[in-house]
Structures are given as C-alpha cells and as structure tokens.
1. Anything in the range 24-39 that is surrounded by 12 or more Cβ atoms within 10 Å (Cβ to Cβ) and either in a loop (DSSP other than H, G, I, E, B) or within 16 Å of the ligand (Cβ to nearest atom) (or both)? List them, or say none.
2. Within the set of pairs 6+ apart or on separate chains, which have a first residue in the range 92-117 that is touching a residue at least 60 places away in the same chain (Cβ under 8 Å) and away from the ligand (no atom under 16 Å from the Cβ), a second that is of a type in the set (D, E, K, R) and part of a helix (DSSP H, G or I), and C-beta atoms under 8 Å apart?
3. Determine which single condition SER13 fails, assuming it passes every other condition in (1) over 24 Å from LEU162 (Cα atoms); (2) polar (S, T, N, Q); (3) surrounded by 12 or more Cβ atoms within 10 Å (Cβ to Cβ).
4. I'd like the residue in the range 146-175 that is within 15 Å of the ligand (Cβ to nearest atom) and modelled with pLDDT of 95 or more and, out of all such residues, is nearest to ILE99 (Cα to Cα).
5. Would you point out the residue of the range 40-79, among those that are farther than 30 Å from ALA154 by Cα and among the small types (Gly, Ala, Ser), that is nearest to the ligand (Cβ to nearest atom)?
6. Taking the stated definitions as given, is THR131 β-branched (Val, Ile, Thr) and away from the ligand (no atom under 16 Å from the Cβ)?
Amino acid sequence: MDAGPLYWTSSESAIDVLLAEHQTILEVVDEIERECRRVEDGSALREPFWRDVLRFADEFDHGLHHQKEEQLLFPALERVGLSPDQGPTAVLRDEHRRIRFWRLRLEQTLVARDRTRLAATAASYVDVLRTHVMKENQILFPLCRRLLDEATLATLHREFRLLAADQRVHYWLSHPFELSAGA
Ligand SMILES: [Fe+2]
C-alpha cells in the first residue's frame with residue numbers, strides 16, 4: 001500500500017516545528033551568554049563568532065522563524081478572532097521589532113569594537129530573546145492549540161515547508177557562486 005509522501009504521515013505539528021526552532025534559538029542564546037562572559041573577562045574579541053551571531057539573527061531568527069510566525073501563524077490566529085492591533089500577536093510583532101533593534105545595536109558595537117558596549121548590548125539581546133521565546137512557548141502555543149483546528153495546523157505545517165523552501169531558493173539567488181569551468 002502506498003503510504004504517500006513521508007511528511008504526510010509525520011506526527012510532527014506546526015507548533016512542534018516552532019518549538020524546535022525556539023530550542024535552537026535558546027542554544028545560540030546560551031552560546032552568546034558564554035561569549036559575553038569571555039569578553040567581560042578580558043578575552044580577545046572573536047569577530048567571526050559575532051558575525052555568525054548576526055548571520056543567525058538575519059537568516060534564521062528574522063529571515064525564517066519570524067516570517068513563519070508573522071506571515072502565517074499570526075494571521076491564522078487573527079482569522080479566528082485575535083485582534084491584529086492589540087492582544088498577543090500585536091505584542092509579539094512588537095517584540096520581534098525590539099529583537100531586530102538589539103541585533104542592529106549589536107552590529108554597531110561590533111563595528112566600533114567597543115567591548116564594554118558589545119557585552120552590555122549582547123546581554124540585552126539575550127534577555128529580550130529569552131523572554132520572548134518563553135512568552136511564545138507558554139502563552140502563544142497553548143493559545144494556538146486552543147484556537148486552531150487540526151486542518152488549520154496541517155495547512156500551516158505545509159506552508160512552513162514552502163516558506164523554508166522559498167528561503168533556500170532566495171539564499172542561493174542572493175549568494176551566487178561560479179561553477180568552475182570544466183574541461
Ligand atoms: Fe518564535
């Protein structure tokens with residue numbers, strides 16, 4: 001019997017996808033905190049580490065994860081009654097903007113090679129990210145399970161995959177590489 005494409009039989013839900021992404025974000029946040037302590041203890045400023053943090057913030061957190069929430073999940077919740085102007089989704093959109101603000105400040109302090117401000121800014125970035133992720137885990141996702149039916153969650157899961165595929169295409173289009181000339 002043909003069971004169909006594997007992902008149709010997966011028991012993973014759209015919420016599981018976002019929870020797993022939150023776990024990745026929290027692991028990166030732990031790394032940032034460890035690096036902050038090294039900077040505060042006088043270790044050399046490891047620019048490649050901070051460049052990786054900025055790239056993670058742009059490509060994973062903002063470029064993929066927030067897009068799943070802002071373009072797909074929040075509108076789904078607003079279609080079943082949440083206000084786009086006040087209430088949980090409005091607050092969380094605002095927090096995404098605050099996370100973006102701290103990421104930009106982080107880059108500024110890195111460019112200035114200002115170790116003290118870099119450590120302080122990174123600490124604020126860590127703080128705002130952790131609080132935001134906890135809020136989504138503890139308030140937003142239970143709300144999703146209560147308000148969204150199985151069909152909507154399944155549609156979101158498919159749309160998440162399409163968005164991720166689009167992001168990969170966008171990545172390769174914006175990072176062109178030259179094929180070596182074959183003989
Ligand atoms: Fe999130």
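1. Answer for the range 24-39, where residues must be surrounded by 12 or more Cβ atoms within 10 Å (Cβ to Cβ) and either in a loop (DSSP other than H, G, I, E, B) or within 16 Å of the ligand (Cβ to nearest atom) (or both): THR24, ILE25, LEU26, VAL28, VAL29.
2. Hits for this filter: LEU110/GLU47; LEU110/ARG51.
3. The single condition SER13 does not satisfy is (1).
4. We begin by selecting, within the range 146-175, every residue within 15 Å of the ligand (Cβ to nearest atom); these are 156, 160, 163-164.
Now drop any that are not modelled with pLDDT of 95 or more, which leaves 156, 160.
Details: LEU156: 24, PHE160: 22 Å.
Only one residue fits best here, namely PHE160.
5. Going through the qualifying residues, I end up with SER43.
6. Details: β-branched (Val, Ile, Thr): yes; away from the ligand (no atom under 16 Å from the Cβ): no.
For THR131, the condition - β-branched (Val, Ile, Thr) and away from the ligand (no atom under 16 Å from the Cβ) - is not met.
Yes or no, residue by residue, for (1) more than 30 Å from VAL39 (Cβ to Cβ); (2) hydrophobic (A, V, I, L, M, F, W, C); (3) open to solvent by less than 60 Å² (accessible area, probe 1.4 Å); (4) out of contact with any Asp or Glu (no Cβ under 8 Å at 6 or more places or on another chain):
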site	(1), (2), (3), (4)
GLN71	yes, no, no, yes
SER83	yes, no, yes, yes
ARG93	yes, no, yes, no
ARG100	no, no, no, yes
ALA112	no, yes, no, yes
ARG115	no, no, no, yes
LEU118	no, yes, yes, yes
ASP127	no, no, no, yes
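The values are calculated or read from the model by the stated rules, or taken from the named source; none is laboratory data. Keep in mind that this is a model prediction, so the values were computed, not measured. Virtual Cβ from ideal backbone geometry, glycine too; neighbours counted across all protein chains shown. Only protein heavy atoms, including side chains, enter the accessible area calculation; ligands, DNA and RNA are left aside. Shrake-Rupley method; radii C 1.70, N 1.55, O 1.52, S 1.80 Å.
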